[in-house]
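**Student:** Got a structure here, written out as structure tokens. Questions coming.
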Amino acid sequence: MILKPRDLASFMTVSVTFSDKPFYDESKPFTCLDGSATIPFDQVNDDYCDCKDGTDEPGTAACPNMMYYCSNKGFTPKTIPSSRVNDGICDCCDGTDEYSGLVLCEDKCREMGAVELEQRKKQAEIINQGFQMRQTLVADGKQTRQDRETRLNALKEEKQVVESKKQEAQAAKEAAETPEKEAVDKHKKAWEEVKAARELERQKEAGTAAFSELDLDGDGLVKLEELQTHLEFDDDVDGEVTEEEAKNHLGDVTEVDLESFLSETWPKIKDLYQGEKDKAKEPPVEEPTKGDTDLPPTEEPPAPPAEEEEDREEEEEEEEHDDDDDDEPEIDLVKDESKPDEDAMPDYDEETKQLIAAADQARAEYTEANKKVSDVDAQIRQLEKQLGTDFGAEAEYSSLDGQCFELETKEYKYKLCPFDKCSQSPKHGGSETTLGRWESWAGPEDNKYSAMKYTKGQNCWNGPDRSTEVRMTCGIENKLLSASEPNRCEYVFEFETPAMCTKEVPNNPEFSHEEL
Ligand code: MAN
């Protein structure tokens, strides 16, 4: 670059650098860089300021606001305010800013250059190692992508197969359930009829017994006065059963024979009626459903296992057992002894049992086929999600998916799970706070994959939803380096990864030509 005097004139301070060298040609008179004067070259650096812009005295402190340039051979060049020339302090490593003899400045540039070179070399090694690692990441990432595409295609084909098997299994299940239901319903219906007939018989017996008890004079008729001997028909509880009360219970007649008693009267009075046995059984506060009564049980017995819904599963059966466990054993004992299995539905016949077994089998096969479809669907969904995620220009970030990286600060444990979420957990108790969920890449246009954005984290009290920016740098390992909160509930993570080592650098770095 050649500096033009007219550009330089606008600067308050002027520094003369290596690139200005063509203006300092000993064989010609020197023209100030702002063009303000032309002087013989021996007046350059003669400790007298001739140019308005001070450019005739780059190596002395004669001109105010001038910058002194030290070439610092062996290290990096530097410019210092020329007021620091010959001020007794060594500013340049080559010592050229102090030549008046006030102090002696040794040339330390080569020594410093060697240290600097060593550092640059180490840095270059890291960058190059990272670059090599990145090559592997890229290859792996691309391979993973390819494998996923292949797998997805295979799964889509498998899905068709398992889906049609599921439909077949569903049809088979329905085909097996129809005859099963018919047979089970038939069995249950027959059982209901048996139970109804038994109940009828019980009522007939109880009614006949009651009739004999009520027919005090044994004339084959139950009359009003006979009913009046039973205080349970004293509706208004005034201590006597009136004729009217008795008539009311007898069915608006004055007497009934056994036949009409059984068909008309007994059904109406059976719940009220207190026979000899009931009266003997004192105190009357006792539970009415215990086995030692003439009256038939009013409640249905518990459904036997065979009566369960067709599609009951094992778990439900277990629950039933649990329920049994909760029952009081005494009651079970009384019930079991007094009515041994009388109210339990009999087993299904062989044919029905076979139909149930076949339907159970068909149901199990359908459940299995259905599960296979769900599994394939879940795998397809996951693969589609992974294939839809941008893992970098060359899939170099692919391997970070599914991993998490942690960092502890004084107060918190921070966690970054790339392509998933960022979080923060207080170290001294308290629950995890989500600092954002994966949103997108957020680097500048020319370096998009250098930053990640995580948004829609836990809401900040009286503020926005928490969000995090993850800034990535090149390094030879994946590591969360720092976590900070520059604005309330807006976090910045620094993350080092070989995926960011996009360029190789020369292995034995040197100073640039300009520096030397
Ligand atoms: C928590 C943390 C902090 C955050 C405050 C905001 O203490 O998530 O990082 O600044 O909530 O109230």
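**Student:** With respect to Q170, is the statement that it is polar (S, T, N, Q), within 30 Å of E259 (Cβ to Cβ) and either touching a helix residue (DSSP H, G or I) at 6+ places or on another chain (Cβ under 9 Å) or touching a residue at least 40 places away in the same chain (Cβ under 8 Å) (or both) true?
**Tutor:** Here the answer is no, as Q170 does not meet what is asked.
**Student:** On the given criteria, is E180 under 60 Å from the mean Cα position of the chain (by Cα), acidic (D, E) and crowded, with 16+ Cβ neighbours inside 10 Å? Working first, answer last.
**Tutor:** Numbers: under 60 Å from the mean Cα position of the chain (by Cα): yes; acidic (D, E): yes; crowded, with 16+ Cβ neighbours inside 10 Å: yes.
So E180 fits the description; yes.
**Student:** Counting just the residues of the stretch 237-267 that are under 19 Å from L216 (Cα atoms) and aliphatic (A, V, I, L, M), which one comes out surrounded by the fewest Cβ atoms within 10 Å (Cβ to Cβ)?
**Tutor:** Ranking the qualifying residues of the stretch 237-267, first place goes to V253.
**Student:** Let me ask you something else. Within 16 Å of the ligand (Cβ to nearest atom) and either buried (at least 16 other Cβ atoms within 10 Å of the Cβ) or modelled with pLDDT of 95 or more (or both) - does that describe any residue in the stretch 436-446?
**Tutor:** Yes, some residue in the stretch 436-446 is within 16 Å of the ligand (Cβ to nearest atom) and either buried (at least 16 other Cβ atoms within 10 Å of the Cβ) or modelled with pLDDT of 95 or more (or both).
**Student:** Taking the condition touching a Phe, Trp or Tyr at 6+ places or on another chain (Cβ under 7 Å) and more than 30 Å from P498 (Cα to Cα), does A169 pass?
**Tutor:** Yes.
**Student:** Applying the selection to the stretch 226-239, what residues are in contact with a helix residue (DSSP H, G or I) (Cβ under 8 Å, 6 or more places away or on another chain), of a type in the set (D, E, K, R) and either touching a residue at least 40 places away in the same chain (Cβ under 8 Å) or farther than 18 Å from A209 by Cα (or both)?
**Tutor:** If the condition is that a residue be in contact with a helix residue (DSSP H, G or I) (Cβ under 8 Å, 6 or more places away or on another chain), of a type in the set (D, E, K, R) and either touching a residue at least 40 places away in the same chain (Cβ under 8 Å) or farther than 18 Å from A209 by Cα (or both), then D234, D235, D236 are the ones that fit.
**Student:** Still on this structure: Counting just the residues of the stretch 450-464 that are among the hydrophobic types (A, V, I, L, M, F, W, C) and away from the ligand (no atom under 16 Å from the Cβ), which one comes out farthest from the chain's Cα centre (by Cα)?
**Tutor:** Of all residues in the stretch 450-464, those among the hydrophobic types (A, V, I, L, M, F, W, C) come to 451-452, 460-461.
Narrowing further to those that are away from the ligand (no atom under 16 Å from the Cβ): 451-452.
Working: A451: 24, M452: 20 Å.
Applying the filter and picking the extreme gives A451.
**Student:** Among the polar types (S, T, N, Q), on the phi < 0 side of the Ramachandran plot, at pLDDT 95 or above and not in a loop (DSSP other than H, G, I, E, B): is that true of S431 in this structure?
**Tutor:** The answer is no for S431.
**Student:** Could you list all residues from the stretch 59-98 that are out of contact with any Lys or Arg (no Cβ under 8 Å at 6 or more places or on another chain), closer than 19 Å to E111 by Cβ and not in a loop (DSSP other than H, G, I, E, B)?
**Tutor:** Listed by number, the list holds a single entry, K78.
**Student:** Which residue, of E193, E199, E149, is without any contact (Cβ under 8 Å) to a residue 12 or more places away in the chain, loosely packed, with under 13 Cβ neighbours inside 10 Å and part of a helix (DSSP H, G or I)?
**Tutor:** Testing whether each residue is without any contact (Cβ under 8 Å) to a residue 12 or more places away in the chain, loosely packed, with under 13 Cβ neighbours inside 10 Å and part of a helix (DSSP H, G or I) leaves just E193.
**Student:** Restricted to the stretch 484-504, and to residues that are within 16 Å of the ligand (Cβ to nearest atom) and either in contact (Cβ under 8 Å) with a residue 24 or more places away in the chain or under 21 Å from the mean Cα position of the chain (by Cα) (or both), which residue is surrounded by the fewest Cβ atoms within 10 Å (Cβ to Cβ)? First the steps, then the outcome.
**Tutor:** Here is the first cut: in the stretch 484-504, the residues within 16 Å of the ligand (Cβ to nearest atom) are 484-493.
Next, from what is left, pick out any that are either in contact (Cβ under 8 Å) with a residue 24 or more places away in the chain or under 21 Å from the mean Cα position of the chain (by Cα) (or both): 488-493.
Working: R488: 12, C489: 20, E490: 18, Y491: 22, V492: 15, F493: 25.
Ranking the qualifying residues of the stretch 484-504, first place goes to R488.
**Student:** Can you confirm whether D56 is crowded, with 22+ Cβ neighbours inside 10 Å, assigned to a loop (DSSP other than H, G, I, E, B) and touching a Phe, Trp or Tyr at 6+ places or on another chain (Cβ under 9 Å)?
**Tutor:** yes
**Student:** I'm trying to understand the selection: among the residues of the stretch 381-391, which are in contact (Cβ under 8 Å) with a residue 24 or more places away in the chain and part of a loop (DSSP other than H, G, I, E, B)?
**Tutor:** Taking the stretch 381-391 first, the residues in contact (Cβ under 8 Å) with a residue 24 or more places away in the chain are 383-384, 386-387, 389-391.
Scanning the stretch 381-391 gives T389, D390, F391.
**Student:** Out of all the residues in the stretch 392-425, which are surrounded by fewer than 20 Cβ atoms within 10 Å (Cβ to Cβ), small (G, A, S) and either part of a strand (DSSP E or B) or touching a strand residue (DSSP E or B) at 6+ places or on another chain (Cβ under 7 Å) (or both)?
**Tutor:** Result: S425, single match.
**Student:** Would you check which residues across the stretch 204-222 are on the phi < 0 side of the Ramachandran plot and either part of a loop (DSSP other than H, G, I, E, B) or touching a Leu at 6+ places or on another chain (Cβ under 8 Å) (or both) and list them?
**Tutor:** So in the stretch 204-222, the residues on the phi < 0 side of the Ramachandran plot come out as 204-217, 219, 221-222.
If the condition is that a residue be on the phi < 0 side of the Ramachandran plot and either part of a loop (DSSP other than H, G, I, E, B) or touching a Leu at 6+ places or on another chain (Cβ under 8 Å) (or both), then K204, A206, G207, T208, F211, L214, D215, L216, D217, D219, V222 are the ones that fit.
**Student:** Now, a different point. So which of E411, E396 is without any contact (Cβ under 8 Å) to a residue 24 or more places away in the chain and either within 14 Å of the ligand (Cβ to nearest atom) or in contact with a Pro (Cβ under 9 Å, 6 or more places away or on another chain) (or both)?
**Tutor:** Details: E396 fails: without any contact (Cβ under 8 Å) to a residue 24 or more places away in the chain.
Of the residues listed, the single one that is without any contact (Cβ under 8 Å) to a residue 24 or more places away in the chain and either within 14 Å of the ligand (Cβ to nearest atom) or in contact with a Pro (Cβ under 9 Å, 6 or more places away or on another chain) (or both) is E411.
**Student:** Follow-up. How many residues does the stretch 453-484 contain that are more than 30 Å from I127 (Cβ to Cβ) and not in a loop (DSSP other than H, G, I, E, B)?
**Tutor:** So the answer is 4.
**Student:** What tally of residues in the stretch 379-428 results from selecting those that are of a type in the set (F, W, Y) and either in contact with a Leu (Cβ under 6 Å, 6 or more places away or on another chain) or more than 18 Å from F493 (Cα to Cα) (or both)?
**Tutor:** 3
**Student:** Here is a further query. Could you list all residues from the stretch 387-408 that are more than 21 Å from C501 (Cβ to Cβ) and of a type outside the set (A, V, I, L, M)?
**Tutor:** Residues satisfying the conditions are G388, T389, G402, C404, E406, E408.
**Student:** Please find, within the stretch 465-483, the residue that is nearest to the ligand (Cβ to nearest atom) out of those that are within 22 Å of E411 (Cα to Cα) and free of Cβ contacts under 8 Å to residues at least 40 places away in the same chain.
**Tutor:** R466
**Student:** Any residue at all in the stretch 496-512 that is at pLDDT 95 or above, aliphatic (A, V, I, L, M) and farther than 23 Å from E125 by Cα? Full working, then the answer.
**Tutor:** Step one: list which residues in the stretch 496-512 are at pLDDT 95 or above, which gives 496-502.
With the extra rule that they be aliphatic (A, V, I, L, M), the set shrinks to 499-500.
Going one step further and asking which of them are farther than 23 Å from E125 by Cα, we end up with none.
No, the stretch 496-512 contains no residue that is at pLDDT 95 or above, aliphatic (A, V, I, L, M) and farther than 23 Å from E125 by Cα.
The values are calculated or read from the model by the stated rules, or taken from the named source; none is laboratory data. Only a predicted model underlies this, so the values are computations on that prediction, with no experimental measurement involved. With ideal geometry, Cβ positions are generated from the backbone for all residues, glycine too; neighbour counts draw on all protein chains shown.
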